[in-house]
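Report on one structure; see the data block that follows.
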Amino acid sequence: MSVATKNGRSRRSLYHSKGRQVDDQALNDIRALLGDNPRRRDLLIEHLHLVQDHYKHLSAPHLAALAKEMKMSLAEIYEVATFYHHFDVVKEGDSAPPQLTIRVCDGIACEMKGAHDLIAELGRSTGADVRVIPAPCVGACDHAPVAVVGQRQIHHATVGSVSEAANSGNILPEIPTYTEFDAYVAGGGYTTWKDCLAGQRERQEVTALVSESGLRGLGGAGFPTGTKWGFLDNTPKPRLLAINADEGEPGTFKDRHIIDSDPHRLLEGVLLASWAIEADAAYIYLRDEYPQSREILLLEIARLKHEDLTGGIELHLRRGAGAYICGEESAMLESLEGKRGLPRNRPPFPAQRGLFGRPTLINNVETIYWIRDIVENGGNWYKDQGRPHFYSVSGRVKNPGVKLAPAGVSVRQLIEEHCGGMEDGHTFKAYLPGGASGGVLPADKGDVPLDFGSLDEFGCFIGSSAVVIFSDEDNIRDICRNLVHFFEDESCGQCTPCRVGCEKMLKLIDAPNWDTELIRELSDTMRDASICGLGQAAPNPVLSAIRFFGDNLS
Amino acid sequence: MSTPITFTLDGQEVEATPGETIWEISKRLGNTIPHLCHRDKPGYRADANCRACMVDIEGERVLAPSCRREPTAGMNVSTDSERATKARNMVLEMLLADQPERQVAHDPDSLLWKWMDKAGLNKSRFPAHANTPETDSSHQAMSVNLDACIHCNLCVRACREVQVNDVIGMAHRGAHSEIVFDFGDPMGDSTCVACGECVQACPTGALMPAAVLDEHQVHAGKADRQVDSLCPYCGVGCQMTFHVKDEKIQYVEGRDGPANENRLCVKGRFGFDYINHPHRLTKPLVRKDDAPKDSTEKLDPANPYTHFREATWEEALDRAASGLKTIRDRDGSQALAGFGSAKGSNEEAYMVQKLVRQGFGTNNVDHCTRLCHASSVAALMEGVNSGAVSAPFTAAKESDCIIVIGARPNQNHPVAASFLKNAAKRGATLIVMDPRGQGLTRHATHMLQFKPGSDVALLNAMIHTIIEEGLVDEQFVQGYTEGFDDLKRGVKDFTPEKMADVCGIDADTVRAVAREYATAERSIIFWGMGISQHVHGTDNARCLIALSMITGQIGRPGTGLHPLRGQNNVQGASDAGLIPMFYPDYKPVTEDGIRDTYERQWGRDLDHERGLTVVEIMDAVHADQIKGIYVMGENPAMSDPDAGHARQALAKLEHLVVQDIFLTETAMLADVVLPASAFAEKTGTFTNTNRQVQLARQVVPTPGEARQDWWIIQELANRIGQTWIYTHPKDVFAEMRLTMRSLNGITWERLEREDVVTYPCDSDDQPGHDVIFTDGFPTENGRAKLVPTTLIPPAELPDDDYPIVLTTGRVLEHWHTGAMTRRASTLNAIEPEPVAHLNPYQMKEMGIGAGDTIHVESRRGQVELKARVDRDVPDGMVFIPFCYHEAAANLLTNPQLDPVGKIPEFKFCAVRVKPVAATVNAAE
């Protein structure tokens, strides 16, 4: 492609236009794959998925052809394709990945249950036609360790069960049994929504009920939902709703549980919320680790349209591509627009300028899940129930899983009353109250109520209520390393405190003796100066380890 | 909404205008907060990613980036709280951990090191990143050292949002984030067009001009001084700062001129070293007695001594002048002609036309505007009695709909193109009409690749649509135009349906773009030589004028007509009267009253008739009417159509005086060659395409015995009987102001102070008018004249013998005939040899591979050159740039003239194309 010149600088081919040329065959391939799909830029990630799914990788000629077809620049395509874990960009001279990929979850719950050994053993035992790679939390912590063969999750994975799946070619997602449309309607579903459509309810009434219920954002921030909806008042139309189904916080799997068991309760909530804030369209951004949930939603949204029940509200299902950061609401908006998932600086807030620059309400799956029941039963009903929500409990308990409990439940109650106690032979030592971000607390803080704000004094928070239980068998340093490594891997790289901070933090905690003074200084800046919650919270596990386990870190 | 708000900044009550950020307010008050990713320059959005500018806002959980954050009323902000200061310093310390040591820093004076110094940081407590990227020196002009990269994203914004070249991206993520070109390709192999905006924006030295770095990639040896001047190349008129070391230009940077807002292109930024080329003429030369002129002989510009000998200035000037004088006195004034240059200053242009009119006594004076926009100017003079643009190209900022027709600004006006792309990104409708695809295509909402030469069919179909569909601005037409009924009758038969086959664009598309243009709130039209360089060039321009008039898309912000002027001073040279039919300010030479004024001022009778134009002068030489020519800075041997014919004319002359900086193809045929000053060696005023009169300042001295052009012209004038006593270009400028109303309000002193003033300008203390025709037109009745047009086919259509259409033009890296840019080391390294562009399917059909030598032949000449694959070229066409002396495209072109503008048809002639191997085989 280039030749050397006298001054040693290479020179491009003079007999083509500058840069990469579009290959006609590749262009035909891309046109065939895209079919009649619009070539809009916000569909870039969807289009990349089409190519990745079909060819199992993204070759440079295909990417160049896609750029041409979408009237985008090469760099714009490349930077998006290389941002997301689930895309394999293969340049000239590089070998394409094998047809089959096995992702072994190395999230904290799976690591505790031997993920690393599993990766190593699978690496030894599988052939060249299979690739075994570690993957961040796949949201099945209650079945740890987990491997994903193609798109099929193998729970309590062993070398045997994983190899068997790989060899059998059974690599499509397993669709769980869930409440389908008819059953949902039979149980009274969509009655409320039909009432709204029939003019028997007022928009303000619905919003008022949500405010009254005390419902708070269950994606992790805990912001009062009614207040958030209120921000859309008096904003220009058209407005949009975006549903955050990019559940990536390690230890969290409640949204998966909702979609995989009762998808219509979510969809009715989506319609109610869209209607209440007068949004024309709702976008559901679903993490790519949940292919079975995607199948369910595609099917059930189609059914809703078939039943003519969408009330004119457009429902879009968009697919993430393996990036924790896209669970950050503004990064999710960027990803919905087909870009890299970089969190936005605020202000402006999404309610002012959100998706495609339009006023946007962003809610988590579970938040929206509760809307139907609140509208039907009243705001006070939800409050009187103690603001129940789902806790994802994993780790060293007998019966891990999604547990419905009121806000303010303690971890001891969760262990004893919901999870059948600790695993045999394990003594409760510590826990994560809120996934990787919420800090680490010792067992002696096991009676503290778990609610928004209740852990502030310990420098911790419950976030998405992902509770991971550790025992005397678990090493706090290893846990810290797992969590910081996760943040380092998932930092979008946009701002210095997070990009450089996570990388330096990992180096600092890899040292035999921690320079706690420097760690504190670094943490302060990460917390004070990072653009988004990822960088702000990334030092939490280390800070709480120093605070509560300072004596046994070595 | 725009009422100021009050807030507290570091304990002080401060007032802020809405939209102002805390960083800007703080800077305004004398406290510049540290910043790395924020570039406080036009076109750069604050991105707030480096976090070096964090401040403390009372009541907020975390710190806020001051570069982005706007205060609200009552807010309490401290820039100097312990928390904010610590965070800012910690950010710097984090970045420092991964930087090369100061001693080997690529740019030890970078913004990054400046802030490290201010923070007192020279060492980081953090362990370094394991990854150290290697130097990428694949590009001729720039070096990439990503070990100094802080991922601030400025280069991405520079490339994507400011210049919109879209080459640089940020790939991967987290600590693996990496600046990439295209797909992570070496910069030199990428689609990079080397505008260098990234180099200018980079705050660390990770991206730098290759020329300033030593073998260790360190910038040692800072420049001694800076001089603010202009770019020597196109009509955009970029302001730039030259950095000079040891009296040589080290590098240049863009300045915040109204036309460029700090932007430059590859030519301006990296094309300055031609002035130091060994071919540079440094001594006067006279032709040897035993060296006859041969129009087909190629001299070696490095060694003129085969045909010339050195002379003293006295001898050379005497010989030059006496040759001209002898012809004048023997054969009369009409036996002489003079060519000035659109590359010279306004003062030089004025002096050349004065020399020819006063000294030679003829109006046979012209310059290359004849070859560029003569037809546009003719149509504009006829229609609105003003040849200049109605609005600057930066009006695109306010436009809702932009038409670009017959212009390829990405190559020819790259900085202007960047403003058009900015507008498209903002959401303006961009309609591109060009037989070839081009750089703007990807940004266009509509791309109309019409059949070459069918402009009138396409444009009349648009006019037809607008009239037929009732989209005419009746009020404007009634108030400000005449001839509408004739126009209406004229376009009656030009239905889009009928024209679809003629122009190759379907009727629906034509109607759609006509509606967009007519109904948008603000529409503007840009055009270039694809419109003007045709035998129907004047008609093409008439159509564009009609389009804007019947829709009232002129005279308001964001609207207008803008012929993109090619040379840096083609506007000014024309204004200064360097054209055969006009005195300065387009005053007709045939009008007695006007001539009287000049006769009084210049103290002699002046020629009553219009003079001959460029191509006509060459014909007159062949006809034995013209015997002596004086050429200042032009190269007709390369730039004229049917260049073989032009070269024969030059060789035939009894006396040819050429004043230039190199031994051009024209100078090779001269009797006397006078070594002149390059752009960076002179002071003068230049008028860009936007009517902005700007001051260029001398940057470096002339080499050897080369002299200032104004001095040479004056010496010649005085040797043929004049008594000129100019001591400086400003004396000439002062004289020009006596008769040129266009220079009203523009004094030399004002230009020295302000660098630029737009004309027309009401007074010394008023800014000029960017947008003109705001209330009618400068015609006798204040109305614009609408002129209907008919279909005139190109003069030479393809046939069985010559089946391919040849079109000519420029490439990004080379300027005009290549005299300067082929000698600019970086530019010539990027585009070092002649190439002909063909599309790959056509090449396949003809059995031509990429890089094969092909033979291109017209009825007038032939050239051999390599073939380049270019998907923008339609079937049945070959494009050849005219900058290559080795394969001069103009040996092939057709000298047929537009009857009104007298411009040749450079954009269309018939040729045949064959692979050379095949030719050889056939011969055997």
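The values are calculated or read from the model by the stated rules, or taken from the named source; none is laboratory data. Bear in mind the structure is a predicted one, so any value in this text is a computation, not a measurement. Cβ atoms come from the backbone with ideal geometry, glycine included; neighbour counts cover every protein chain shown.
Can you tell me which of B:Gly169, B:Gly188 is touching a residue at least 12 places away in the same chain (Cβ under 8 Å) and touching a helix residue (DSSP H, G or I) at 6+ places or on another chain (Cβ under 7 Å)?
B:Gly169
Every residue, every condition in (1) of a type in the set (Gly, Ala, Ser); (2) surrounded by 17 or more Cβ atoms within 10 Å (Cβ to Cβ), yes or no:
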position	(1), (2)
B:Gln692	no, yes
B:Arg719	no, yes
B:Trp724	no, yes
B:Lys730	no, yes
B:Thr739	no, yes
B:Ser742	yes, yes
B:Asp762	no, no
B:His769	no, no
B:Ile772	no, yes
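Considering only the range B:162-174, I want to know if a residue exists there that is within 33 Å of the chain's Cα centre (by Cα) and basic (Lys, Arg).
So far as the range B:162-174 goes, no, none of its residues is within 33 Å of the chain's Cα centre (by Cα) and basic (Lys, Arg).
Please note which helices (runs of 4 or more DSSP H) are completely contained in the range A:335-394 and include at least 1 residues that are more than 22 Å from A:Glu249 (Cα to Cα), in contact with a Leu (Cβ under 8 Å, 6 or more places away or on another chain) and among the β-branched types (Val, Ile, Thr).
Here the list reads A:371-377.
Can you tell which of B:Ala917, B:Ala910 is away from chain A (no Cβ under 14 Å) and either under 24 Å from B:Lys451 (Cβ atoms) or modelled with pLDDT of 95 or more (or both)?
B:Ala910
Rundown of residues vs (1) touching a strand residue (DSSP E or B) at 6+ places or on another chain (Cβ under 6 Å); (2) among the β-branched types (Val, Ile, Thr), yes/no style:
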residue: B:Glu70; (1), (2): no, no
residue: B:Asn76; (1), (2): yes, no
residue: B:Asp80; (1), (2): no, no
residue: B:Arg83; (1), (2): yes, no
residue: B:Val91; (1), (2): no, yes
residue: B:Gln99; (1), (2): no, no
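Residues checked against (1) crowded, with 22+ Cβ neighbours inside 10 Å; (2) at pLDDT 95 or above; (3) in contact with a helix residue (DSSP H, G or I) (Cβ under 6 Å, 6 or more places away or on another chain); (4) within 24 Å of A:Gly219 (Cα to Cα):
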| site | (1), (2), (3), (4) |
| --- | --- |
| A:Ser454 | no, yes, no, yes |
| A:Ala466 | yes, yes, no, yes |
| A:Leu483 | yes, yes, yes, yes |
| A:Glu490 | yes, yes, yes, yes |
| A:Thr496 | yes, yes, yes, no |
| A:Cys502 | yes, yes, yes, yes |
| A:Leu508 | no, yes, yes, no |
| A:Pro539 | yes, yes, yes, yes |
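Looking at A:Val500, A:Val467 in this structure, which one is more than 14 Å from chain B (Cβ to nearest Cβ) and outside any loop (DSSP other than H, G, I, E, B)?
It is A:Val467.
Kindly provide the set of residues from the range B:855-874 that are in a strand (DSSP E or B) and within 14 Å of chain A (Cβ to nearest Cβ), ordered by number.
Residues satisfying the conditions are B:Leu865, B:Lys866, B:Ala867, B:Arg868, B:Val869.
I'd like the full set of residues that are modelled with pLDDT of 95 or more and either of a type in the set (D, E, K, R) or part of a loop (DSSP other than H, G, I, E, B) (or both), limited to the range B:552-567.
The answer is B:Gly552, B:Gln553, B:Ile554, B:Gly555, B:Arg556, B:Pro557, B:Gly558, B:Thr559, B:Leu564.
What is the residue count in the range A:509-549 for residues that are of a type in the set (Ser, Thr, Tyr) and within 11 Å of chain B (Cβ to nearest Cβ)?
3
Name the residues in the range B:191-206 that are facing chain A (nearest Cβ under 10 Å) and either crowded, with 24+ Cβ neighbours inside 10 Å or out of contact with any Gly (no Cβ under 8 Å at 6 or more places or on another chain) (or both), would you?
Scanning the range B:191-206 gives B:Cys192, B:Val193, B:Ala194.
Return the residues of the range B:209-238 that are within 30 Å of B:Val756 (Cβ to Cβ) and within 14 Å of another protein chain (Cβ to nearest Cβ); say none if nothing qualifies.
Those that are within 30 Å of B:Val756 (Cβ to Cβ) and within 14 Å of another protein chain (Cβ to nearest Cβ): B:Pro209, B:Ala211.
Give the residues of the range B:215-235 that are touching a Cys at 6+ places or on another chain (Cβ under 8 Å) and either of a type in the set (A, V, I, L, M) or surrounded by fewer than 19 Cβ atoms within 10 Å (Cβ to Cβ) (or both), sorted by residue number.
B:Leu230
Among the numbered conditions (1) crowded, with 24+ Cβ neighbours inside 10 Å; (2) out of contact with any His (no Cβ under 9 Å at 6 or more places or on another chain), tell me where A:Cys532 comes up short.
Of the numbered conditions (1) crowded, with 24+ Cβ neighbours inside 10 Å; (2) out of contact with any His (no Cβ under 9 Å at 6 or more places or on another chain), the odd one out for A:Cys532 is (1).
Name the helices (runs of 4 or more DSSP H) wholly within the range B:351-439 that hold at least 3 residues that are buried (at least 24 other Cβ atoms within 10 Å of the Cβ) and over 21 Å from the mean Cα position of the chain (by Cα)?
B:374-384
Would you pick out the residues in the range B:522-550 that are over 17 Å from B:Thr789 (Cβ atoms) and of a type in the set (Val, Ile, Thr)?
B:Ile524
Go through the range B:176-190 and give me each residue that's facing chain A (nearest Cβ under 7 Å) and in a helix (DSSP H, G or I).
B:Gly188, B:Asp189
Residues in the range B:11-22: is at least one within 10 Å of chain A (Cβ to nearest Cβ) and either assigned to a helix (DSSP H, G or I) or buried (at least 22 other Cβ atoms within 10 Å of the Cβ) (or both)?
no
Go through the range B:869-891 and give me each residue that's over 20 Å from B:Pro435 (Cα atoms) and aliphatic (A, V, I, L, M).
If the condition is that a residue be over 20 Å from B:Pro435 (Cα atoms) and aliphatic (A, V, I, L, M), then B:Ala887, B:Ala888, B:Leu891 are the ones that fit.
Between B:Thr590, B:Thr597, which is β-branched (Val, Ile, Thr) and either within 30 Å of B:Gly818 (Cα to Cα) or touching a residue at least 60 places away in the same chain (Cβ under 8 Å) (or both)?
Of B:Thr590, B:Thr597, the one residue that is β-branched (Val, Ile, Thr) and either within 30 Å of B:Gly818 (Cα to Cα) or touching a residue at least 60 places away in the same chain (Cβ under 8 Å) (or both) is B:Thr597.
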